[in-house]
1. Determine which member of the set T110, T122, T105 is among the hydroxyl-bearing types (S, T, Y) and surrounded by fewer than 16 Cβ atoms within 10 Å (Cβ to Cβ).
2. Which number in (1) β-branched (V, I, T); (2) touching a strand residue (DSSP E or B) at 6+ places or on another chain (Cβ under 9 Å); (3) modelled with pLDDT of 90 or more marks the one condition that V173 misses?
3. Do you know which of the residues in region 61-77 that are charged (D, E, K, R) and crowded, with 16+ Cβ neighbours inside 10 Å is nearest to G104 (Cα to Cα)?
4. What is the residue count in region 142-178 for residues that are part of a strand (DSSP E or B) and without any contact (Cβ under 8 Å) to a residue 12 or more places away in the chain?
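The values are calculated or read from the model by the stated rules, or taken from the named source; none is laboratory data. Note that the structure is a prediction, hence the values are computed from the model and not measured. For neighbour counting, all protein chains shown are included, and Cβ atoms are generated from backbone atoms with ideal geometry for every residue, glycine included.
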Amino acid sequence: KIFCDALSQILSASIFFLIFINNGLAFTALERVNRFDNFTLADGLSQTTINDILQDKTGFFWFATYDGLNRFDGYEFVTFFHEANNPNSLSNDAIYSMVAAQDGTLWLGTGNGGINRFDPKTESFERLSKQQGLSSDRINIIFEDNTETVWVGTDDRGLNRYDPETNSFETFVFSPQD
């Protein structure tokens, strides 16, 4: 009987130890998966209000703000702004939406500067606006479908489809009669 009681205590202690170790490891693993970092202006972020976030094919994180485009490589931020005398810079610092296209470019919708297409190889922007048939320069959302067609939703003038052959947009406007 003494042997059985001792064995029972050893078994109970072993099971408790294994459960404790297992749960400890599980909590440690969860801590690693759910780690969040908070970035501020002091870290290099241009503004703390983020309108859109995406991660591109190369691993960069992109943050659309009211004060420029922020690229984060895991260590530091690089910020892109509108430069008055540079036609290859952002057309407007207020960026509302972004999409990473399948060809590697970033499409950015601005508050009043139309679309900006960013080429990561040259780090330059191409501006697309009403001059290319965009129905409005106030962009709410950009989307690329599975056929690589870019769609642009504007604030007040409908939906636009980009035609890469003509570098222009076709507009679709809601009509109650349709």
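1. On the way: T110 fails: surrounded by fewer than 16 Cβ atoms within 10 Å (Cβ to Cβ); T105 fails: surrounded by fewer than 16 Cβ atoms within 10 Å (Cβ to Cβ).
Of T110, T122, T105, the one residue that is among the hydroxyl-bearing types (S, T, Y) and surrounded by fewer than 16 Cβ atoms within 10 Å (Cβ to Cβ) is T122.
2. All conditions are met except number (3).
3. Keep residues of region 61-77 that are charged (D, E, K, R), which gives 67, 71, 73, 76.
With crowded, with 16+ Cβ neighbours inside 10 Å added as a condition, the list becomes 67, 71.
Working: D67: 23, R71: 14 Å.
Looking at residues that are charged (D, E, K, R) and crowded, with 16+ Cβ neighbours inside 10 Å, I get R71.
4. If we filter region 142-178 for residues that are part of a strand (DSSP E or B), which is where we start, we get 142-144, 150-154, 159-163, 168-172.
Remaining after also requiring without any contact (Cβ under 8 Å) to a residue 12 or more places away in the chain: 151, 163.
Matching residues across region 142-178 total 2.
Matching residues to (1) farther than 30 Å from R127 by Cα; (2) modelled with pLDDT under 90; (3) not hydrophobic (A, V, I, L, M, F, W, C):
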{"residue": "S14", "(1), (2), (3)": "yes, yes, yes"}
{"residue": "I21", "(1), (2), (3)": "yes, yes, no"}
{"residue": "T65", "(1), (2), (3)": "no, no, yes"}
{"residue": "D73", "(1), (2), (3)": "no, no, yes"}
{"residue": "F77", "(1), (2), (3)": "no, no, no"}
{"residue": "E83", "(1), (2), (3)": "no, no, yes"}
